[in-house]
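J.: Encoded as structure tokens, here's the structure I'll be asking about.
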Amino acid sequence: FEVAQSRLGPGRLHHCTRAIGIAERALSLAVQRAESRRVFGSNIARQGGFLHRLAEIRLGLDQARLLVRNAAQMLDQSEEDGERMTQMMQMMAMGRKGGKMGKMGKGANAIGRSFNPTSHRYVRMALAQAKVQTPKVCLEAVDFAMQVHGAAGMSSRVTILPHLWSALRTLRVADGPDEVHLATISKLEIKKQRAKL
């Protein structure tokens, strides 16, 4: 089970980075369309409703990107800590065999000093946060682009947006539905808060 779980984390982040790329493409298409489409005497790109929604989408995408980056950094650190722990265990085993526990033991303790046995909880939480938030925000970006295109946004003959929406909707349920990841986040948050008491 743990081997399977260790493979899911990086896969989930890969899906999130793909989703962000898809959303960025959709946002680019939305701005291009808004620059060329005139409604009520001016380009859509100059109207307040468009500008407000564009800013919200940008904020959401940047927040999602930061969640993904944070999860990736935590995952990398967790893997490094795991490697240090393995080295420490090997050095301790070598020290016992050779009867030289003194220097080797100190070296092993120095290698494992930064290992945090509970860090996997925080990594799981960061992965779950990225998995829940990123596809949701990215789907909103594609939906926004479709809205800017009007009826043309629904036609795969006119634009790639329907395909992008379908791909993102699939990613939203891949690796488990949001409810599973929200349950993980809430359980880990409760443990975190209990530890403070």
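The values are calculated or read from the model by the stated rules, or taken from the named source; none is laboratory data. Owing to the predicted nature of the structure, the values given are computational and were not obtained by experimental measurement. Using ideal geometry, Cβ is built from the backbone for each residue, glycine included, and neighbour counts are taken over all protein chains shown. All accessible areas refer to the heavy atoms of the entire protein, side chains included, with ligands and DNA or RNA removed. Shrake-Rupley method; radii C 1.70, N 1.55, O 1.52, S 1.80 Å.
J.: For residues that are polar (S, T, N, Q) and in a strand (DSSP E or B), scanning just the stretch 14-69, find the one that is nearest to LEU164 (Cα to Cα).
T.: ASN43
J.: I'm trying to understand the selection: among the residues of the stretch 140-197, which are of a type in the set (Gly, Ala, Ser), farther than 29 Å from HIS52 by Cα and part of a helix (DSSP H, G or I)?
T.: Of everything in the stretch 140-197, those that are of a type in the set (Gly, Ala, Ser), farther than 29 Å from HIS52 by Cα and part of a helix (DSSP H, G or I) turn out to be ALA183, SER186, ALA195.
J.: Looking only at the stretch 36-61, which residues are over 27 Å from THR134 (Cβ atoms) and touching a Lys or Arg at 6+ places or on another chain (Cβ under 9 Å)?
T.: Passing the criteria: only ASN43.
J.: Out of all the residues in the stretch 162-183, which are open to solvent by less than 80 Å² (accessible area, probe 1.4 Å) and in contact (Cβ under 8 Å) with a residue 12 or more places away in the chain?
T.: If the condition is that a residue be open to solvent by less than 80 Å² (accessible area, probe 1.4 Å) and in contact (Cβ under 8 Å) with a residue 12 or more places away in the chain, then PRO162, LEU164, ALA167, LEU168, LEU171, ARG172, ALA174, ASP175, GLY176, ASP178, HIS181 are the ones that fit.
J.: Keeping to the stretch 24-48, report how many residues are over 23 Å from LEU139 (Cα atoms) and modelled with pLDDT of 95 or more.
T.: Total satisfying the criteria: 0.
J.: When the stretch 10-63 is examined, which residues are found to be without any contact (Cβ under 8 Å) to a residue 12 or more places away in the chain and aromatic (Phe, Trp, Tyr)? Spell out the reasoning first.
T.: The initial filter retains those residues of the stretch 10-63 that are without any contact (Cβ under 8 Å) to a residue 12 or more places away in the chain, namely 14, 21, 28, 32, 35-36, 38-43, 46-49, 51-52, 55-56, 59, 62.
The one that is without any contact (Cβ under 8 Å) to a residue 12 or more places away in the chain and aromatic (Phe, Trp, Tyr): PHE40.
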